[in-house]
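These notes concern the structure reproduced below.
Every number in this text was worked out from the coordinates using simple rules, so none of it is lab data. Small disclaimer: the values here were computed from a predicted structure and weren't measured. Methodologically, a virtual Cβ is constructed for each residue, glycine included, from the backbone with ideal geometry; neighbour enumeration extends over all protein chains shown.
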Amino acid sequence: MKNLLMTSAAMALAAGPVAAGSHSEEITLGVLMGFTGPIESLTPHMADAAEMAMKEVSDSGKLLDGMTVTAERGDTTCIDASAATAAAERLVTAEGAKGIVGAACSGATTSVLSNVTKPNGVVQISPSSTSPALTTIEDNGFFFRTAPSDARQGKIMSDILMDRGIEEVAVTYTNNDYGKGLADSFEQAFEEAGGTVTISAAHEDGKADYSAEVGALASAGGERLVVAGYVDQGGSGVVRSALDTGAFSTFHFPDGMIGTKLEENFGTMIDGSTGQLPGTDSPGKDKFEEMVGDAFDATSPFTGESYDAAALILMAMQAAGSSDPAEYKGHVMDVANAPGEEILPGELGKALDILADGGDVDYVGATAVELIEPGESAGSYREIEIKDGEITTVQYR
């Protein structure tokens, strides 16, 4: 089994005195994601983005009298609730994490929230957990997410297909909270718009052969196959089988399927396929990509959301004048939204100055952050199409 725990090196200490008796010199934040499992090709970029925000704050020397931020990674595997809980327990109890960026997958996030962060009173901001069930989960005010709910993604997905004149589709989804929630949201929106879902069938991850699943999907028919799965797991297995058997030649991909692995696995074989993932064309997006350069893939899904999740935690601490989650949780929504001076990526030091002086900030960040109750992204999406074997942006919705 792959090692479930990954630890990043501590950030270099930033200059600046610490007020006597007010704070320790270091704050630990957890970066809790599926570093192994069905989205393992996406999470390294997400973690790097979160840690980039932490380093930016540390290097500024302006957080709570010069405190520095250390990132500690934990692996949920995305699909193993016990592994997710154990990793989160380590981050909170052994490492003393004052906040967690993560988890990445909805099921893991639910387990961690219920078993670790809520009972221990630790703020948790997920950059990519999109299950609609998380909107109403009891969290005692400790849970937020910079990714929008799949209730919204289902509607966007329906709009894209209907706008292209595709009114009949088959749906396959990974058999977990994410897949089922998204499939249900999409089916409701699509049928309300006049579309027909010929079949909505679960698939299990980790299988070597998906011919039986594809046979059922092919029998039901449809102009396109919607694959609400994972690019590093069963979703790609279904696509491969559908192509090999000629059952479907074009597909529609939600966020869990979109990444460079999609291009590597299928190339021009899926030309004309469509999809969407959270994204924005705001000025913050360009600034974020410019800052990242070639350090990691800034266009990979949920990287901007990961940077923003870490930034929100640290700005909320500054607004509260404390790294105690019970104190700063009430400031997350404040720093995320108007009123206040707009803050883009690379301007976290400026934000900390404003907050230290008692001012207000409106964090725009990499993803045009706007949090709505109960603490989740209002959400905009990047519509994509596969052209010449590459993921290309069509528009933003």
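Miscellaneous remarks
- Under 18 Å of direct C-alpha separation, and excluding same-chain neighbours fewer than eight residues apart, Lys118 reaches these lysines: Lys98, Lys329.
- Listed options for Cα extents along the principal axes in Å are (i) 71, 41, 38; (ii) 59, 47, 45; (iii) 92, 56, 38. The value calculated from this structure is the one marked (i).
- Note on Thr250 and Asp360: their simple-model spin labels are 4.7 nm apart, each label 7 Å out from Cα toward Cβ.
- Partners for Lys387 among lysines (Cα-Cα distance below 25 Å; same-chain residues under 8 apart left out): Lys155, Lys261, Lys285
- Dipole orientation for segment 290-384: of the candidates Val292, Ser323, Val335, Ser323 has the Cα lying most toward the positive pole (charges on Cβ; Lys, Arg +1; Asp, Glu -1).
- Relative contact order %, the chain, counting alpha carbon pairs below 8 Å whose residues are six or more apart: 17
- The peptide list 250-256, 303-309, 165-171, put in order of mean Cβ contacts within 10 Å with the highest first, becomes 303-309, 250-256, 165-171.
- Peptides ranked, highest mean first, by Cβ atoms within 10 Å: ranges 136-143, 361-368: 361-368, 136-143
- DSSP-defined beta bridges in the chain - what % are antiparallel, rounded to 5: 25
- Given charges at beta-carbon only (K, R positive; D, E negative), |dipole| of segment 62-131 in Debye: 160
- Residue among Ala83, Leu42, Val112 farthest towards the positive dipole end of the chain, charges placed on Cβ: Ala83
- Pair Phe296, Ala193: separation of 7 Å Cα→Cβ label points (nm): 3.2
- On Cα atoms only, tilt of 283-292 relative to the major axis of the chain in degrees: 80
- Peptides 69-77, 377-385, ordered by how many other C-beta atoms sit within 10 Å of their residues on average, highest first, read 69-77, 377-385.
- Over the C-alpha trace of segment 88-169, radius of gyration and Dmax come out as 16.0, 54 angstrom.
- Using the Cβ-Cβ distance between Ser219 and Asp65 with R0 = 56 Å, the FRET efficiency computed as 1/(1 + (r/R0)^6) comes to roughly 0.25.
- Length-normalised contact order for segment 36-173 - Cα pairs under 8 Å, 6+ apart - percent: 16
- The modelled label-to-label distance between Ala212 and Asp163, using points 7 Å beyond Cα along the C-beta direction, is 3.9 nm.
- Straight-line cross-link reach from Lys287 at under 22 Å between alpha-carbon atoms covers these lysines, not counting any fewer than eight positions away in the same chain: Lys55, Lys62, Lys350.
- Sites Asp286 and Ala81 - FRET efficiency at Förster radius 35 Å, r taken between beta-carbons, to 0.05: 0.35
- Dipole of segment 116-213, positive direction: furthest Cα of Val169, Gly121, Tyr210, with charges on the beta-carbon: Gly121
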